[in-house]
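J.: Questions regarding the structure given below will be posed in turn.
Derivation of every value follows stated rules applied to the coordinates shown; laboratory data play no part. Worth saying up front: this structure is predicted, and the values here are computed from it rather than measured. All Cβ positions, glycine included, derive from the backbone under ideal geometry; neighbour counts span all protein chains shown.
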Amino acid sequence: MLTFMVIIPVLLAVLLFAFSSNRIAKAAAVFIQAALFVVSVYLVLITRGAEVTTVVGSYDGILGIILRANSLSAVFVLITAFIFLAVSVYSFTYRERKDARTFWFLMFLLEASFIGLFLSGDLFNVFVLLEVSTLVLVILAMYDRKNRSIFHGKVYLLANVVAIQFYLLGLGYLYRITGALDMERVGESLGAMDGQNLILPYALIMTGIAFKSTLIPFLSWTPKVRLYENAPTVVAAVMSGLQAKAALYLFMRFQEMFAPVAAQQFFLIIGIIAGLFGAVMAICQTNIKMILAYHTISQIGLITVGISHGGEHAYIGGLYHAVGHAVFKTALFLCAGIISHSYGTADVHAIRGVMKRMPAVGIAALAAVLGITGAPLFIGSVSKYFIFYYVDSFTKVIVILLGLGTIISFVKFSSVFFGRSDLAGDAFKADKCKMIPVVLMGALCFAGGVFGTRFIYFLFRFPAAVDFWAYVQDAGIVIASMAGGYFIYKYLISGRAILNRIEKINFSFKQICASIGIFLAIMLVMIGYF
Amino acid sequence: MELFSLALFFISLFGLITSKNMVKTVIFLMFMQTSVIMFWLKMGIESTAAPAPPIISDPNMLKDIADIADPLPQALTLTAIIIGFSVTAIIVIMLNHLFRQYGTTEWQEIEEMENKKSC
Amino acid sequence: MTWGVLVLWIISALVIVPERRTYRLIIYFCIFSLITSAAYFLLGSPDVAMAEAAIGVFSTIFFIIYAEKYYGLRENIERDRVRKRFSAKGLIKPFMALLLCAGAFALAVNFIPQAGMDDYLKREYLTRFMTDVGGENAVTAIYLGYRVYDTLFEALILVIAVVAVTHLSYFEQNQASGTSPNEMTTSKIAVLSVRIISPILLAFGVYLILNGHITAGGGFQGGLVLAAFFICRYMVYRIDDIPIGSVIRMEEYFYIGITVITIIVVFLGVAAYVPAALVLFYQNAYLISMNILIGLKVAGGFFALFYRFVSVERR
C-alpha cells in the first residue's frame with residue numbers, strides 16, 4: 001500500500017502532463033489531492049496500533065527496498081497531504097498561466113517525493129528522493145523565469161548538490177561497515193559497533209542533512225532565503241511549510257539511528273545559533289516574504305532545540321511545534337501572497353490597513369501570527385509550553401529570548417494590519433477559493449491551541465497534560481514579552497540605519513562551500529576529540 | 001585505496017571554493033560526483049588483483065565470492081551517475097541563461113551586478 | 001595496475017585546478033573522464049564504466065559548444081581581466097581554502113572506519129538474483145528487480161530535466177528577438193566518418209539494450225549510445241525541422257510504460273501466479289521489455305536535451 005501512495009501520484013502526474021489540457025489538470029489536481037488526504041487520514045488511523053511495513057516487490061528480507069510508516073511518519077504524510085490540498089484549492093482560480101499543466105506536474109512530483117521521503121526506510125532511496133525534491137523545488141521557485149530568481153536558484157541548486165555529495169560519501173562508509181542500506185538494520189548493527197568507526201560517516205551524513213534543514217550557521221540560510229523572494233506564493237508556502245520539515249524529519253531519524261555517537265549538545269548549540277540569528281535577520285528585513293522566510297530559520301532553530309535537548313516532553317513539544325509551524329507558516333505565506341498581490345508591493349512599510357480592507361484575510365493572518373508568537377490559547381503556546389517547562393534553566397532563557405525575537409519581528413509584520421490604506425478607493429474583491437484555505441488554517445491555529453493536548457494525543461499517542469497554573473505563568477511570560485517586544489521595537493530598533501546594513505548581507509557561493517567544509521571539520525573535531 | 005577518492009573529494013572542494021568561473025565550478029562539481037562514485041565502487045575490494053564483473057554465466061563462479069565485484073554499489077552508482085548528469089544539464093542551462101543576461105560567467109562580476117540591482 | 005590508473009586519475013584532476021585556458025580545460029576534462037572510465041572497468045564494473053564514458057562524451061560536447069560560443073576556443077576564461085602582477089595578498093584566500101581542505105582531509109583520514117567489510121548483501125544478491133529476478137547480470141537484476149523503485153525515480157529525474165530545460169531555455173522566452181540560424185559548413189571528412197560510424201553505433205546500441213540482462217550494458221547505456229547515433233545524424237545532415245515536442249512526448253509515454261509494467265510485474269507481485277514452466281520466459285520478457293523501454297526513453301530524453309542546447313546555441 002505504501003508503495004502506491006508514492007507511485008500513483010507520480011504516475012498520475014505524468015499521465016496528466018502527457019494527456020490533459022490545462023483546465024482538466026487544474027480540476028484533477030484538487031480532486032486527487034482530496035483523495036490523497038483521505039488516504040493519509042486512513043494511514044494515520046492504521047498506524048496508531050502498529051507500524052505498517054511494505055517491501056517493494058515482496059523480495060525477502062532486506063534485499064528489496066523497505067517502506068515503513070510509523071505514527072510519526074504518518075503524521076508528516078498527513079500534513080503534506082493537507083498543505084498540498086490547501087495550496088491546490090488556493091490556486092484553483094488564481095493561476096491564469098498558460099502552462100498550468102507543467103506547474104501541476106511539478107507540484108505533484110514534489111508532493112510524491114515528500115511522501116516518499118517520509119515513508120522511505122532505505123538510505124539510498126532517501127538520497128534519490130532528496131535529489132528529486134530539490135530539483136523540482138528549484139524549478140518551481142524559478143518558474144516565472146525572472147533573472148534574479150535564476151541566479152539564486154542556481155546558487156541554491158549548486159550548494160545543495162555539493163551538500164548531497166557529503167551525504168552520499170558518508171553513506172558509502174556506512175554501507176561498508178554495516179553492509180546494509182535499510183535504516184532499521186543499519187541502526188541495529190550500529191548499536192553494537194565501536195563508536196570510533198562511526199565518527200566519519202556520522203559527520204559526513206549530518207553535514208549533508210544539516211545543510212538541507214538550513215542548520216549550518218549563516219551560510220546555508222542565504223541561498224534558500226533568497227530563493228523565496230521571487231518564488232510563486234504557493235511554492236514559497238510549500239518550501240517553508242514542508243521542505244524544511246522533511247529535512248528535519250530526516251535529521252530526527254538519523255539522530256535516532258546514530259544514537260551511540262549522536263551529538264545532541266552540538267546540535268542544541270547549532271539550533272540556538274540558528275534561532276537567534278534567524279530572528280535578528282527577520283527583524284531587519286523589509287519585504288514581508290523575507291521576514292517570513294528568515295523567521296522560518298528561527299523556528300527551525302527552536303524545533304531543533306526542542307528535539308535535541310533530551311527528555312520526552314521537550315521532544316514532543318518540538319514535534320508539535322513542527323506540525324504547528326507547517327500550518328501557521330503556510331497560512332502566513334498564503335496571506336502574504338494575497339496581500340502583496342492586492343497592494344502590488346511587498347514592502348512592509350508601504351502596506352497599511354489590511355484589517356479594514358480585507359477583514360477575513362486580516363483575521364486569519366492575525367490568528368497565525370498569534371499562533372507563531374505563542375500567545376495563550378493559540379497553537380504555538382502549547383508546543384512552547386512543553387519545550388519551556390522541560391528544559392534546563394540555561395535553555396529556558398534561550399527559549400524566552402527566541403520568543404522575544406519572534407515577537408519583535410512580528411510586531412514589524414503586524415504593522416500592515418492597522419492604519420489607513422492608501423488604496424481605500426478600490427474595493428478588494430475576495431476570491432473564495434483563496435479565502436477558504438486561509439481562513440481554515442487560521443481557525444486551525446486557534447483550535448490547535450484550545451484542544452492542544454487532544455491533538456497531541458491524536459497525532460503522537462502521547463498523553464501529555466497541561467498544568468493550568470504553569471500554563472497561566474507561561475501566558476504571563478508571553479504577554480510580558482509581547483509588551484516588551486513592542487516597546488523594544490518601537491523605541492530601540494525601529495528606524496536604525498544598521499537594519500538596512502544587515503538586510504543587505506549576502507554570501508557568495510564560494511563562501512557557502514567553505515562553510516560546508518568548516519562545518520564538517522568542526523563536527524569531526526567536536527565528536528572525535530571531546 | 002579509498003584515500004584516492006577522499007583526496008579527489010577534497011581537491012574538488014578546494015576547487016569549488018577557489019574557482020572564479022562558473023564553468024570551472026560545474027567541472028569541479030562533476031569531479032566531486034565522480035570521486036564519490038569511485039569510492040562506492042572501490043569499497044570492499046581489498047585484494048590488489050582486478051575483480052571479476054558480477055556477471056554470472058556459470059554457477060561455478062560463485063564458489064569464490066571474494067573475487068567478484070559487489071553488484072549493489074554498481075547498481076547504485078548507475079543511478080547516481082544519471083541523476084548527476086540530469087542535474088548538471090539543468091545547471092548548465094541556467095548558466096546559459098545567466099550568460100545571456102550578464103554577458104559573463106564570472107562569479108564575482110555577476111554577484112556585483114546582482115547586488116547593485118538589489119540596492 | 002589499478003594503482004597506476006588511480007595515480008594518473010588524481011594527477012589529471014590536479015592539473016585542472018590552476019588551469020585557465022578554456023580549450024585545455026575541456027581536453028583535460030576529457031582525459032579525466034577517460035581515465036575514470038578505465039578505472040571503473042578495472043574495478044570490475046563494466047556497466048558503470050560504459051555509462052561514465054557515454055556521459056563523459058555528452059558533457060564534453062556540451063562544454064565544447066559553450067566554450068566555443070562564449071569565449072572562442074583559444075581564449076582564457078578570465079578574458080577581460082588585466083593580468084595582475086604577483087602579490088602576496090591575493091594568495092591569502094586560496095591559502096586559507098587550501099588549509100581548510102587539507103585539514104578536513106587529514107581529519108577524515110584520521111577517522112576512517114577500521115571495521116571490516118560486511119558482505120552479507122553481496123553474498124545474498126549474487127547467490128539469489130538468478131532465481132528471484134532472472135538474467136545473468138547481477139547489476140541489471142538489482143536495478144530492474146530489487147531496487148526498481150529507485151530506478152523509477154531516476155528515470156523520472158531525466159523527465160524532469162527535459163521538462164525543466166524546455167521550460168527554462170532562454171531561447172523560447174526571447175524568440176521574437178532571435179536571429180536566423182547561421183549556416184555551419186560541414187566538412188566532407190565529418191560526413192564520411194559519420195556515415196561509417198553511425199551504423200555501428202546503432203547496432204551497438206541495440207545490442208546493449210537487448211543483451212542487457214546477460215552481459216554488461218542495459219537500457220541506460222544502450223539508450224545513451226542510441227542518442228549518440230541520432231545526434232551524429234543530426235550534426236551531419238542538419239535537419240532543422242525535427243518535431244522535438246513529439247520526441248519529448250514520446251519520452252513521457254515511455255516513462256508511463258515503464259511505470260505501468262513495474263507496477264504490474266513487481267509491485268503487484270504477479271510473478272507468484274506464473275506457472276513454473278513459464279517463469280524463465282516471463283522473467284526474460286520482463287527484463288528485455290524494461291530495457292527496451294528505458295533505452296528508448298533515455299535516447300529520446302538525451303536527444304531532446306541535446307537538441308534544446310544546440311537550438312539555443314545556434315540562434
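J.: Under the rule of at least 5 residues apart or a separate chain, name every residue whose amide H is placed under 5 Å from the amide H of B:Ile68.
T.: B:Ala52
J.: Hey, fewest Cβ within 10 Å first, where do A:Tyr90, C:Tyr253 land in order?
T.: Values: A:Tyr90 25, C:Tyr253 18.
Least crowded to most crowded, the residues run C:Tyr253, A:Tyr90.
J.: Which is farthest toward the positive dipole end of the protein assembly as shown among A:Ile527, C:Val310, A:Phe124, measuring Cα position about the Cα centre, with Cβ charges +1 (Lys, Arg) and -1 (Asp, Glu)?
T.: Of the listed residues, the answer is C:Val310.
J.: Tell me, what HN-Hα J-couplings in whole Hz come from the Karplus equation 6.51 cos²θ - 1.76 cosθ + 1.60 at θ = phi - 60° for each residue of the range A:287-293, using x for Gly and Pro?
T.: 7, 5, 5, 6, 4, 5, 5
J.: Going by average Cβ neighbours within 10 Å, how do the peptides A:468-474, A:431-437, A:381-387 rank, with the highest at the top?
T.: Taking the mean over residues of other Cβ atoms within 10 Å, the ranking is A:381-387, A:431-437, A:468-474.
J.: Would you tally the net charge around C:Val15, using a Cβ to Cβ cut-off of less than 15 Å, leaving C:Val15 out, and scoring K and R as +1, D and E as -1?
T.: Overall, the nearby charge balance is +3.
J.: I've got another one for you. Taking the Cβ of C:Ala97 as the centre, find all other residues whose Cβ is under 13 Å away and add up their charges (Lys, Arg: +1; Asp, Glu: -1).
T.: Residues close to C:Ala97 contribute a combined charge of +3.
J.: Let me ask another. Go through the range A:81-190 and name the trypsin sites (Lys or Arg not before Pro) that are in a DSSP coil and have 11 or fewer other Cβ atoms within 10 Å of their Cβ.
T.: Hits after loop and neighbour filter: A:Lys98.
J.: Something else: Name the shape class, rounded, prolate or oblate, that the alpha-carbon gyration tensor gives for the range A:1-133, where a ≥ b ≥ c are the square roots of its eigenvalues, rounded holds for a/c under 1.5, and otherwise prolate holds if a/b is larger than b/c and oblate otherwise.
T.: prolate
J.: Using θ = phi - 60° and the Karplus form 6.51 cos²θ - 1.76 cosθ + 1.60, what ³J(HN,Hα) does each residue of the range B:58-67 get, whole Hz, x for Gly and Pro?
T.: So the Karplus estimates, Gly and Pro as x, are 8, x, 5, 4, 6, 5, 10, 6, 4, 7 Hz.
J.: What number results when the radius of gyration of the range A:63-180, computed over Cα atoms, is divided by 2.2 N^0.38 Å?
T.: That ratio works out to 1.25.
J.: Using +1 on the beta carbon of Lys and Arg, -1 on that of Asp and Glu, and nothing else charged, what's the dipole of the range A:1-121 about the Cα centre, debye to 20?
T.: That gives a dipole near 400 debye.
J.: Is there a simple number for the mean count of other chain Cβ atoms within 10 Å of the Cβ of residues in C:252-261, and what is it?
T.: That average works out to 3.
J.: Placing +1 at every Lys and Arg Cβ and -1 at every Asp and Glu Cβ, with all other atoms neutral, what dipole size does the range A:263-494 have around its Cα centre, in debye to the nearest 20?
T.: 520 debye
J.: Ok, one more. Please give the average number of partner chain Cβ atoms lying within 10 Å of the Cβ of each residue in B:97-104, rounded to a whole number.
T.: What the average comes to for B:97-104 is 5.
J.: How shielded is A:125-131 by partner chains, expressed as the average number of their Cβ atoms within 10 Å of its Cβ atoms?
T.: Partner Cβ neighbours, averaged per residue: 5.
J.: Could you line up C:Tyr307, A:Tyr143, C:Tyr237 from fewest to most neighbouring Cβ atoms inside 10 Å?
T.: Ascending Cβ contact count within 10 Å gives the list C:Tyr237, C:Tyr307, A:Tyr143.
J.: Follow-up question, since we're still on this one. Set Lys and Arg Cβ to +1 and Asp and Glu Cβ to -1, take the dipole of chain A about its Cα centre, and tell me which of A:Met183, A:Phe468, A:Leu36 lies farthest positive.
T.: Result: A:Leu36.
J.: Next question. How large is the direction-averaged shadow of the alpha-carbon convex hull of the range A:289-398, in nm²? Provide the component values of the computation, followed by the final result.
T.: On the way: hull surface 28.1 nm².
Answer in nm², one decimal: 7.0.
J.: Can you compute the charge dipole magnitude of the protein assembly as shown about its Cα centre, using +1 on each Lys and Arg Cβ and -1 on each Asp and Glu Cβ, nothing else charged? Give it in debye, rounded to the nearest 20. Write down the numbers at each step before the final one.
T.: On the way: 70 positive and 55 negative charges, 699 e Å.
Taking the Cα centre of the protein assembly as shown as origin, the dipole is about 3360 debye.
J.: Set the Förster radius R0 to 30 Å, insert the Cβ-Cβ distance between A:Met1 and B:Lys63 as r into 1/(1 + (r/R0)^6), and round the FRET efficiency to 0.05.
T.: Efficiency, rounded to the nearest 0.05: 0.15.
J.: Also: So what are the ³J(HN,Hα) numbers for the range A:375-388, from phi and the Karplus equation (6.51, -1.76, 1.60; θ = phi - 60°), rounded to whole Hz, Gly and Pro as x?
T.: Those phi angles translate into 5, x, 6, 9, 4, x, 5, 5, 5, 5, 4, 5, 5, 5 Hz.
J.: State which entries of A:Lys412/A:Lys490; B:Lys20/C:Lys93; A:Lys384/A:Lys490 exceed 18 angstrom in Cα-Cα distance in the structure shown.
T.: A:Lys384/A:Lys490
J.: Still on this structure: For every other residue with a beta carbon closer than 15 angstrom to the beta carbon of C:Gly217, add +1 if it is Lys or Arg and -1 if Asp or Glu, then tell me the sum. Please report the intermediate quantities before stating the final value.
T.: Details: positive: none; negative: C:Asp47, C:Glu52, C:Glu136.
Net charge around C:Gly217: -3.
J.: Here is a further query. Return a whole-number percent for the relative contact order of chain B, with Cα pairs under 8 Å and 6 or more residues apart as the contact set.
T.: Working: 79 pairs, mean separation 33.9, N = 119.
RCO, chain B: 28 percent.
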